[in-house]
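Below is one structure; the comments refer to it alone.
The values are calculated or read from the model by the stated rules, or taken from the named source; none is laboratory data. Note that this is a predicted model, so its numbers are computed, not measured. Ideal geometry is used to build each Cβ from the backbone, glycine not excepted, and the neighbour counts take in all protein chains shown.
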Amino acid sequence: MVRVCRVDSVPTETIDGTQRADLVSGEIGAERFGMLLITVRPGSPPHVKYHFHKKKETAFFILKGKARIVVENKEYVVGPNDIIFVPPGEKHQLVNVGNTELKIIEVYSPLPFEGDFFLVDEGEYCASLLQRRRSIKKAVP
């Protein structure tokens, strides 16, 4: 079934200066991919630590602002109209390094599932992020 919605009508969560909106997710019937709108205030800490996914591949499209993305210990500074593709298994982290708001579209596949998010410094699966997202979604009407 086709779903049409406005970005400003999608529920958001804000943690430590980073706002996320699940634009496409299993919540609306997606089965194979998801899409997020991420907005990061200047000076905010990274919303996710250096991590990797065993199966998930991700593309980031920078709409506004300036970011530093570290992929496999190599640093890239990116800005509007840049696209970054991160294949499964590659460690990565994205940070706002500009003095303005950073706005990103993130597209990923497959949808998040237990056992696919690993923090590099922890060396093991981290369920807390996925659990936090689930609890917030349950709280949103």
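Taken together, the residues in the range 59-78 that are surrounded by 14 or more Cβ atoms within 10 Å (Cβ to Cβ) and either closer than 10 Å to LEU94 by Cβ or small (Gly, Ala, Ser) (or both) amount to 10. Please go through the range 51-105 and give me each residue that is charged (D, E, K, R) and without any contact (Cβ under 8 Å) to a residue 60 or more places away in the chain, ordered by number. Scanning the range 51-105 gives GLU57, LYS64, LYS66, ARG68, GLU72, LYS74, GLU75, ASP82, GLU90, LYS91.
The set of residues in the range 1-25 being in contact with a Ser or Thr (Cβ under 9 Å, 6 or more places away or on another chain) and part of a loop (DSSP other than H, G, I, E, B) consists of ASP16, GLY17. For the range 1-13, a residue qualifies if it is under 16 Å from GLU106 (Cβ atoms), more than 14 Å from the chain's Cα centre (by Cα) and in contact (Cβ under 8 Å) with a residue 40 or more places away in the chain, but none of them does.
Across the range 14-41, the number of residues qualifying as of a type in the set (Gly, Ala, Ser) and in contact (Cβ under 8 Å) with a residue 40 or more places away in the chain comes to 4. Contact annotation: residue pairs with Cβ atoms under 7 Å, 6 or more positions apart or on different chains, pairing a residue in the range 115-126 that is closer than 13 Å to PRO88 by Cβ and among the acidic types (Asp, Glu) with a partner that is in a loop (DSSP other than H, G, I, E, B) and modelled with pLDDT of 50 or more, are ASP116/HIS53; ASP116/LYS54; ASP116/LYS55; ASP116/LYS56. Could you please give the count of residues in the range 47-58 that are touching an Asp or Glu at 6+ places or on another chain (Cβ under 7 Å) and part of a strand (DSSP E or B)? The total comes to 2.
Checking each residue in the range 96-112 for being under 14 Å from the mean Cα position of the chain (by Cα) and either closer than 17 Å to LYS54 by Cβ or surrounded by fewer than 16 Cβ atoms within 10 Å (Cβ to Cβ) (or both) picks out ILE105, TYR108, SER109, PRO110, LEU111, PRO112. With respect to the conditions (1) without any contact (Cβ under 8 Å) to a residue 40 or more places away in the chain; (2) over 16 Å from VAL107 (Cβ atoms); (3) not in a strand (DSSP E or B), SER44 falls short on a single one, namely (1).
Quick grid of which residues meet (1) of a type outside the set (Val, Ile, Thr); (2) assigned to a loop (DSSP other than H, G, I, E, B):
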position	(1), (2)
GLU27	yes, no
LEU37	yes, no
LEU63	yes, no
VAL70	no, no
VAL77	no, no
PRO88	yes, yes
VAL95	no, no
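Being of a type in the set (A, V, I, L, M, F, W, C), at pLDDT 95 or above and over 19 Å from GLU13 (Cβ atoms) is a description that does not apply to VAL107.
Of the listed requirements (1) in a loop (DSSP other than H, G, I, E, B); (2) of a type in the set (Ser, Thr, Tyr); (3) modelled with pLDDT under 95, SER135 misses just one: (1).
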